[in-house]
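Single-structure report; data block below.
Laboratory data are not the source of any read-out in this text; all were calculated from the coordinates shown. In this text, all values refer to a predicted model and were calculated from it rather than measured experimentally. Every residue, glycine among them, receives a Cβ derived from its backbone with ideal geometry; neighbour counts consider all protein chains shown.
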Amino acid sequence: MLSDAHERPLIGRLAPSPTGAQHIGNARTYLLAWLSVRSRTGRLILRMEDIDSPRIKPATAQQAIDDLRWLGLDWDEGPDVGGPNEPYVQTERVEHFLAALAQLKSAEQVYPCTCTRTDVAAAASAPHVGQEGPRYPGTCSLRRVADAPELTRKGQPFVWRFRTSAVRHELHDIAAGTRTCNVHEELGDFVVFKSDGSPAYQLAVVVDDLAMGVTEVLRGDDLLPSAFRQLELYRFFNSPSPTFAHVPLVVGEDGRRLAKRHGDTRLSLLREKNVPAERLVGLLAWSTGLRPTKDPMTPRELLADFSLDKLPKQPFVFTAEMLRELQSYITAK
């Protein structure tokens with residue numbers, strides 16, 4: 001399935017998940033997503049992806065907005081500025097997800113699955129590197145939509161799984177290059193609605209991106225497998241997919257994705273300690289190949305000659321020395 005996103009107005013999105021504080025790794029991806037759209041005079045939407053309710057932390061949604069503003073990023077629509085596609089908080093958009101599920105049920109494109117909690121938890125949230133798990137073997141795939149009431153009567157929890165096709169999708173990713181995947185053979189059927197009645201990541205982002213007219217999705221390359229699952233959904237809804245750009249992650253010196261073990265890289269901490277955002281933006285610009293030095297700068301200073309072609313293909317290693325350099329401003333002050 002090929003996208004015709006280039007024929008539509010350019011609309012991108014920033015989609016933080018308020019499961020915790022935003023950190024330097026998040027900032028790098030947000031900066032690239034913002035630059036990619038703004039450098040071509042496109043529109044940007046801020047959407048709060050808060051459907052992963054057990055992990056949501058109070059106040060982190062506003063903190064994410066404050067962090068993004070601090071970085072020097074802006075948007076045309078969002079929970080703080082409004083817009084024609086309100087609401088911009090996913091937990092306030094449940095009716096859209098239920099309508100999509102009804103379409104899937106009507107076509108027998110989903111089935112109730114009662115497999116283990118561990119399997120369901122791994123499949124229902126946005127997956128990350130090392131968390132893909134084994135391919136779902138189709139244990140419950142013989143079930144039909146009509147089997148759901150009986151499971152409910154018995155008090156047996158279930159999720160709704162999407163019946164994947166044998167189509168080999170070809171994805172022309174503007175950051176990761178051309179990739180192919182047969183979702184049924186390589187990834188298996190995936191969860192679109194969880195047992196608590198809330199939508200899973202894969203369905204929610206597709207429904208919202210379609211509703212909001214998103215034509216470009218730039219995110220971390222840990223979500224590359226999700227793109228192929230989402231292509232299955234775009235195919236079902238007979239809609240063109242966005243253009244995808246999956247960029248390398250920020251990792252620590254041990255090669256693992258950036259986390260607390262690599263030091264306190266929270267944007268809120270840097271912001272609270274009055275570290276100039278330009279210092280971080282300069283570091284990130286250097287890390288993405290956009291500038292030869294780490295000199296402080298604003299995102300807008302990167303617009304004129306921005307190109308994803310300059311982006312290194314390997315993960316960016318954020319070192320303890322880089323963190324010390326950023327924090328040195330705090331000490332000096």
Kirkwood calc, region 128-258, C-alpha pairs only, radius in angstrom 16.3
Within the chain, cysteines having no neighbouring cysteine beta carbon under 4.7 Å are C115, C181
Those trypsin sites (Lys or Arg not before Pro) from region 260-304 that are DSSP loop and have at most 13 other Cβ neighbours within 10 Å turn out to be K273
Which residues qualify? For F193, with a placed amide H closer than 5 Å and at least 5 residues away or on another chain, they are W160, A200
Here, the chain modelled as identical Cα point scatterers in vacuum has Debye log10 I(q)/I(0) at q = 0.10 Å⁻¹ of -0.60
Subtracting the Cα-Cα distance of S165 and V89 from 0.36 nm times their residue separation yields 24.3 nm
The helix 24-38 Cα axis meets the longest alpha-carbon principal axis of the chain at an angle in degrees, between 0 and 90 and rounded to 10, of 90
Dimensionless Rg/Rh of region 238-333, both radii on Cα and Rh by Kirkwood, sits at 1.02
Per the rule of 0.36 nm per residue minus the C-alpha distance, extending T319 to Q156 adds in nm 53.9 nm
When the charge dipole of region 138-284 is computed with +1 at the Cβ of Lys and Arg and -1 at the Cβ of Asp and Glu, the Cα pointing farthest to the positive end, of V250, A200, P225, is that of A200
Computed for region 13-81: size of charge dipole around the Cα centre, +1 on C-beta of each Lys and Arg, -1 on C-beta of each Asp and Glu, debye to nearest 20, value 260
Surpassing 29 Å at the alpha-carbon level, of the pairs K57/K194; K260/K294; K57/K154; K154/K194; K273/K310; K273/K294, are K57/K154; K273/K310
